[in-house]
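Presented below is the structure to which this report refers.
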Amino acid sequence: SGLVSLDYGYTNTGSTKSQITFVDGEKGILRYRGYNIEDLAAYTTFPETAWLLIYGNLPTREELGTFRRLLTENALIHENLLNFFREMPPSAHPMGILGAVVNALGLFTPRFYDDESKQDAFNLTVASLISKVRTIAAFSYKASIGEPFVYPDAEKSYCSNFLNMMFSSKAKPYNVDPLFVHALNVLLIVHADHEQNCSTSTVRMVGSSQASLYASICAGICALWGPLHGGANQAALETLMNIHQSGLTVKQVIEKAKNKKDPFKLYGFGHRVYKNYDPRAKVLKGLVHTIFDREHIADPLLDIASELEEAALNDDYFIERKLYPNVDFYSGILYHAMEIPTNMLTVMFAIGRLPGWIAHWKEMHDDPLSKINRPRQIYTGYAERPWLPIDNRG
Ligand code: CMC
């Protein structure tokens, strides 16, 4: 084992070459396929950015038209799967439902399952997954509140369709607010890829055994769920709500986060790669202020977040460790304004991250150098022990 180098948490181990996403953590730069995240957030829609990540270039009008058509045509999920939503307890976490249903989708589409490398079948699978993930998210919500499902509407865009499936009902028609559609586009775009993060590495790891795209994405969803990764957005919003409702002060929260004996962290702060302000957090902070000012929304959670950020950025503990707000710090406030329930925030992250996962799965499969991922270890157990009959043990 002398030849094996040890790198807990892979802080400095490159697992692949990649052309998809560039991150400069010192300068706070994020680019997808060479385009700055700020430009993509300002000028593209989520389906355009998804195409860019997966296929390498911004789509032409024709390509985008075809992609949109495929998204529209593949938004529905098999009716048999609807029972799954109905059978889950209303309190079931929507990330658990999302992972299970995405995995099950592979069982309902056997013709793509074995055929993913063939271009047309792959394109169809991609559009189908990106479209259906939204339907799954909205249906799990409707089932949890005991309301009938609202089916996708072929006339609506990607984001407005999702909001409509979530909030429209026979009893109360829902007018999709164009400002929220814009916000949702930006939110999904800034989440769309982030090179070899935990969930993306998981998708590559599982895919490296030649498991199907569905199984690989399901694994990515499970990896994203944890509070150190995508689950941090739910935890961050809950921290703000706790401060608001329980009378906990900002100072107390900061002290709690600094106390190593307390497992609590300041969720939405810190990053393995960014040692500067996360550019995604910058985009979202700007967006939340623009929308709240324009709509005259007064949300105490935003005031608390601003206070918390300022206190942390001026505290030696956070300064010494270069801990800045990350993408999960402000996203929750925006989703809260749209009335997306708190336990669905990580599902929203997954909808955004899906094109990135697919892009990496495809890049790995297209790369002749890729191999099954199989890290080594340094064994620290017993060298060899004599066999012990059961009566001699204990
Ligand atoms: N609150 C309090 N202390 C922190 C935090 C935090 N949010 N983040 C890091 N630290 C401390 C950590 O305890 C360690 O202190 P010390 O050097 O005294 O042991 C030091 O800062 C370095 O942190 P680390 O945990 O060794 O860094 P890492 O690169 O292994 O972890 C991280 C990165 C994102 C898991 C971590 O910063 C964290 O737990 N943050 C909170 C969870 C979170 O917001 N996650 C979302 C990340 S961005 C979106 C995504 O990737 O999903």
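Listing for the model above:
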read-out	value
Residue match in region 344-365 (condition: closer than 30 Å to Q210 by Cβ and of a type in the set (K, R))	yes
Boolean, E238 is surrounded by fewer than 20 Cβ atoms within 10 Å (Cβ to Cβ) and either modelled with pLDDT of 95 or more or within 12 Å of the ligand (Cβ to nearest atom) (or both)	yes
Any hit, region 109-128, residues being of a type in the set (A, V, I, L, M), part of a helix (DSSP H, G or I) and modelled with pLDDT of 95 or more	yes
Matching residues in region 257-279 - criterion: being among the hydrophobic types (A, V, I, L, M, F, W, C) and within 7 Å of the ligand (Cβ to nearest atom)	A257, L266, F269
Residue match in region 144-154 (condition: in contact with a Leu (Cβ under 8 Å, 6 or more places away or on another chain) and closer than 13 Å to T72 by Cβ)	yes
Enumeration of residues in region 15-33 that are of a type in the set (G, A, S) and within 21 Å of N326 (Cα to Cα)	G25, G28
Selection status of L301, part of a loop (DSSP other than H, G, I, E, B) and among the aliphatic types (A, V, I, L, M)	no
Residue match in region 357-375 (condition: within 16 Å of the ligand (Cβ to nearest atom) and outside any loop (DSSP other than H, G, I, E, B))	yes
Any hit, region 323-340, residues being hydrophobic (A, V, I, L, M, F, W, C), closer than 24 Å to L228 by Cα, part of a helix (DSSP H, G or I) and within 13 Å of the ligand (Cβ to nearest atom)	yes
Test: residue in region 195-210 that is among the charged types (D, E, K, R), touching a residue at least 60 places away in the same chain (Cβ under 8 Å), in contact with an Asp or Glu (Cβ under 9 Å, 6 or more places away or on another chain) and in a helix (DSSP H, G or I)	yes
Some residue of region 57-74 being under 25 Å from D366 (Cα atoms) and under 19 Å from the mean Cα position of the chain (by Cα)	no
Selected residue (criterion: nearest to D193 (Cα to Cα)) from residues of region 230-255 that are in contact (Cβ under 8 Å) with a residue 60 or more places away in the chain and among the charged types (D, E, K, R)	E238
Only listed residue being part of a helix (DSSP H, G or I) and within 17 Å of L129 (Cβ to Cβ), chosen from L53, L76, L64, L40	L53
Residue satisfying condition, being within 13 Å of the ligand (Cβ to nearest atom) and more than 19 Å from the chain's Cα centre (by Cα), within set A311, A298, A305, A350	A311
Filtered residue count, region 148-183, keeping only those that are closer than 21 Å to P90 by Cβ, surrounded by 17 or more Cβ atoms within 10 Å (Cβ to Cβ) and either at pLDDT below 95 or β-branched (V, I, T) (or both)	1
Single unsatisfied condition, I297 versus (1) at pLDDT 95 or above; (2) within 15 Å of Y335 (Cβ to Cβ)	(1)
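The values are calculated or read from the model by the stated rules, or taken from the named source; none is laboratory data. Bear in mind the structure is a predicted one, so any value in this text is a computation, not a measurement. Virtual Cβ from ideal backbone geometry, glycine too; neighbours counted across all protein chains shown.
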